């Protein structure tokens, strides 16, 4: 399954989930993604909480775009990526 790096800029600060918060919001994102076969793997957020970089698995960038629209998330750029770590090639 291809992996994509999704760059997002938020006009308002991103509200990050906190421990003990109702998990239903995160579950709704997962369910919306599943409708297009998108799996959210991991996200990085800048300290100012106005930009994120998400790793997603999906068949196509268009599937990522559809899921983002459904979740009302912005997309600046989508780039297909291959995994590489210091211990070997994980997805190349």
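Some notes on this structure:
- Nearest-ten-degree value, helix 24-34 long axis tilted from longest Cα axis of the chain: 40
- Only helices enter this figure: runs of n ≥ 4 DSSP H residues, each worth -39500 (n - 2.57), summed and divided by the residues of the chain, yield -7000 deg cm²/dmol at 222 nm to the nearest 500.
- The chain, relative contact order in percent, only Cα pairs under 8 angstrom and at least six apart counted: 42
- With R₀ set to 25 Å, the beta-carbon distance separating residue 30 from residue 10 gives a calculated FRET efficiency near 0.80.
- Region 3-81 shape via C-alpha gyration tensor axes, a/c threshold 1.5: oblate
Values quoted throughout were computed directly from the atomic coordinates according to the rules given, and no laboratory measurement underlies them. Everything numeric in this text was worked out from a predicted model, so none of it was measured. Glycine also receives a Cβ, built like all others from the backbone with ideal geometry; neighbour counts cover every protein chain displayed.
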